[in-house]
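The values are calculated or read from the model by the stated rules, or taken from the named source; none is laboratory data. As the structure is a prediction and not an experimental result, all values here were calculated from the model. Quick reminder, even Gly has a Cβ in these numbers, built from the backbone with ideal geometry, and neighbours come from all protein chains shown.
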Amino acid sequence: MRTHLVWFKRDLRVEDHHPLIEALDRGSTAAFYVFEPEYIAQPETSASHLQFIQESLRELSLHLHALRIPFFVYAMPIEDALCELHTKLNVRTLHSHEETGAWWSYQRDIRVKKWCDEHKVVWSETSQFGVARPHHSRNGWAKRWAEQMRLPRAPLPQPQTFPYDARPTRIPNLEEIGCNDAPKEGQQEGGMVKAKESLITFLKERGERYQSGMSSPVTAWTQCSRLSPHIAYGTLSIRSIYQETTRRRQRLKDEKSRGRPIGPHWLKSLASFDKRLRWHCHFMQKLEDQPSLEFENMARIYDRLRPEVPGSELFQAYCEGRTGYPMVDACMRALVSTGWINFRMRAMLVSFASYHLWLPWRPTAQYLARHFLDFEPGIHYPQVQMQSGTTGINTVRIYSPQKQVIDHDPRGTFIRHWVPELATIPDAYLSRPETLPVAEQRKSGCIIGKSYPEPIVDHRDATTHAKKAIYGLRRRPEAREEARAVYVKHGSRKRPSKRKTNASTDRQLPLLNTTPTI
């Protein structure tokens, strides 16, 4: 008997899984997942990512066992796993979702296609996001995305009747897959059950103040959906989230039309959340269309804007959360400890590294990716470039770390938790503790320069230098010409573009909670 094989990658679920249904419709089906050494060796991959995957796989294996589908989990190169499965199962077809991933995964897929051709195995790939492949034009993209999100979800799979290995699947531990690091304590848990819990509590309870609460690190922890890791690893499909959100919005509208109280913030918050689902795929389309964005500036005129290698002392202080800017340090420490921070603070972290410290964006991107539990390459790299000013089409946004304190944590609730050195500093000085009089420093027990570092760069001098360099480049004719080309390829628009002159500007789009703020 020849087997139809399902390859699980970043789609660790059985619900709304078209490749799984497609394989089951064809006949005898088996499934597999591979902890690829190449993936584990990537500088962006961390033990936290691998633990989230393991948790999701344990739950997935139980569902597949109930469906009488053999499930194999390997820690080896993908070609070796395929050869072993082919020998064991006589594989006829391979079914998987398309993946808009990092460069290594593009190269991996090329090798898988070659293996399939050599072994006469038909590989069928299905889109799971609103990312078009092939993609010819941004015109009409938003409409096509909406059409795909409205398509019926794949039906729940039914247990197959073919003979199968009844033993439950064992998921290898971190050491067995070649990871010797420890995951973060208290990070979000993986699996379909946790994903559904997050969606339900967000749509029914936590999400009412999403629109106003997602910007502050004080409120975002609960008022954001916290679905981004589940979207990144596919424990819940984005189509399911979109359709459940649409259903909830319509129910609330119906309640309101009947004169029943629904809460003053629900409709605006869910509309804002809906937009971010679209932006998720909008950014992924950029990397799909131009995989080199992981390594190269979107607008190549910025190639020599910053030094290629970051200053070691500045970069180390940034990574360790000891820059002398309380909001920057609190956010970095929170991220390193938990694996999550809200989008506005992510944008501020990238902005600070790129403009205040004048660091190249790629080392910053790799460091942050390693700590973002919800790291999604297709969102992450275009977003980091956008916040670093190297796209040529986005508004240059330089965040003031002091203003972020005043606007989003004026009482220091978040800062005092993550930077306990500042616990006794008066609220009025939290945005700039170095301005606290020396006598008050002694009284509070926090000596700036000793208990807590002085600012490693001057805000005004650093931002003046950054603006002069960025805008000096943008005014050049060749920069404007390149910006037009970038806009045609990557710009966000719902209708065909009629722009013909000037450097177009894409909307300043915040990301999902994940490298995003869902």
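A few remarks follow.
- Filter result (closer than 11 Å to A330 by Cβ and free of Cβ contacts under 8 Å to residues at least 12 places away in the same chain) within region 417-460: P420
- Remark: pairs (first residue in region 247-271, without any contact (Cβ under 8 Å) to a residue 60 or more places away in the chain; second residue of a type in the set (F, W, Y); Cβ separation under 7 Å; 6+ apart in sequence or on different chains) = L252/W266.
- Some residue of region 356-366 being polar (S, T, N, Q), surrounded by fewer than 24 Cβ atoms within 10 Å (Cβ to Cβ) and modelled with pLDDT of 95 or more: yes
- Number of the exception - L227 against (1) surrounded by 21 or more Cβ atoms within 10 Å (Cβ to Cβ); (2) modelled with pLDDT under 95: (2)
- Some residue of region 308-321 being surrounded by fewer than 22 Cβ atoms within 10 Å (Cβ to Cβ) and over 30 Å from P433 (Cβ atoms): yes
- Sub-7 Å Cβ pairs linking a first residue in region 65-82 that is more than 12 Å from P172 (Cβ to Cβ) to a second residue that is buried (at least 19 other Cβ atoms within 10 Å of the Cβ) and of a type in the set (D, E), at least 6 apart or interchain, are P77/E36; I78/E36, ordered by first then second residue.
- Where a residue in region 2-21 is surrounded by fewer than 24 Cβ atoms within 10 Å (Cβ to Cβ) and its partner, wherever it lies, is acidic (D, E) and not in a helix (DSSP H, G or I), with Cβ under 8 Å and at least six apart: K9/E99; R10/E99
- Qualifying residue in region 134-144 (condition: of a type outside the set (S, T, Y), more than 30 Å from L277 (Cβ to Cβ) and out of contact with any Asp or Glu (no Cβ under 9 Å at 6 or more places or on another chain)): no
- For region 22-64, a residue qualifies if it is of a type in the set (A, V, I, L, M, F, W, C) and either without any contact (Cβ under 8 Å) to a residue 40 or more places away in the chain or not in a helix (DSSP H, G or I) (or both), and the qualifying residues are A30, A31, F32, V34, F35, A41.
- Check on S96, surrounded by 21 or more Cβ atoms within 10 Å (Cβ to Cβ), at pLDDT 95 or above, within 17 Å of L5 (Cα to Cα) and in contact with a strand residue (DSSP E or B) (Cβ under 6 Å, 6 or more places away or on another chain): yes
- Any chance C224 is over 30 Å from A75 (Cβ atoms) and touching a residue at least 12 places away in the same chain (Cβ under 8 Å): yes
- Test: residue in region 111-121 that is closer than 23 Å to A182 by Cα, part of a loop (DSSP other than H, G, I, E, B) and touching a strand residue (DSSP E or B) at 6+ places or on another chain (Cβ under 8 Å): no
- Within this structure, M1 passes the test of being among the hydrophobic types (A, V, I, L, M, F, W, C), outside any helix (DSSP H, G or I) and at pLDDT below 95.
- Cβ-Cβ distances below 6 Å connect the following pairs, each with a first residue in region 385-402 that is assigned by TED's automatic domain parsing to the domain that holds F352 and within 17 Å of R460 (Cβ to Cβ), a second residue that is buried (at least 21 other Cβ atoms within 10 Å of the Cβ) and of a type outside the set (V, I, T), and a separation of six or more residues or different chains: V396/G389; I398/S351; I398/Y355; Y399/M348; Y399/S351; P401/Y325; P401/M327; Q402/S431.
- Residue match in region 357-378 (condition: among the hydrophobic types (A, V, I, L, M, F, W, C), part of a helix (DSSP H, G or I) and touching a strand residue (DSSP E or B) at 6+ places or on another chain (Cβ under 7 Å)): no
- Residues of region 413-434 that are within 16 Å of G321 (Cα to Cα) and out of contact with any Gly (no Cβ under 9 Å at 6 or more places or on another chain): F414, I415, R416, H417, P420, E421, S431, R432.
- Checked against the criterion of being of a type in the set (F, W, Y), in a helix (DSSP H, G or I), within 30 Å of K204 (Cα to Cα) and under 16 Å from the mean Cα position of the chain (by Cα), the candidates W279, W340 yield just one match: W279.
- Identity of the residue in region 167-207, part of a loop (DSSP other than H, G, I, E, B) and polar (S, T, N, Q), that ends up modelled with the lowest pLDDT: T169
- In the set (1) touching a residue at least 60 places away in the same chain (Cβ under 8 Å); (2) in the same structural domain as A30 (by TED's automatic domain parsing), I110 fails one condition alone, (1).
- In region 189-208 there is no residue matching the filter, namely being basic (K, R), touching a residue at least 60 places away in the same chain (Cβ under 8 Å), within 30 Å of P401 (Cβ to Cβ) and in the same structural domain as K275 (by TED's automatic domain parsing).
- Test: residue in region 65-76 that is surrounded by fewer than 13 Cβ atoms within 10 Å (Cβ to Cβ) and either over 21 Å from the mean Cα position of the chain (by Cα) or modelled with pLDDT under 95 (or both): yes
- When R322, R344, R278, R306 are checked against the criterion of being touching a residue at least 40 places away in the same chain (Cβ under 8 Å), of a type in the set (K, R), closer than 30 Å to Q243 by Cβ and touching a Pro at 6+ places or on another chain (Cβ under 8 Å), a single residue qualifies: R344.
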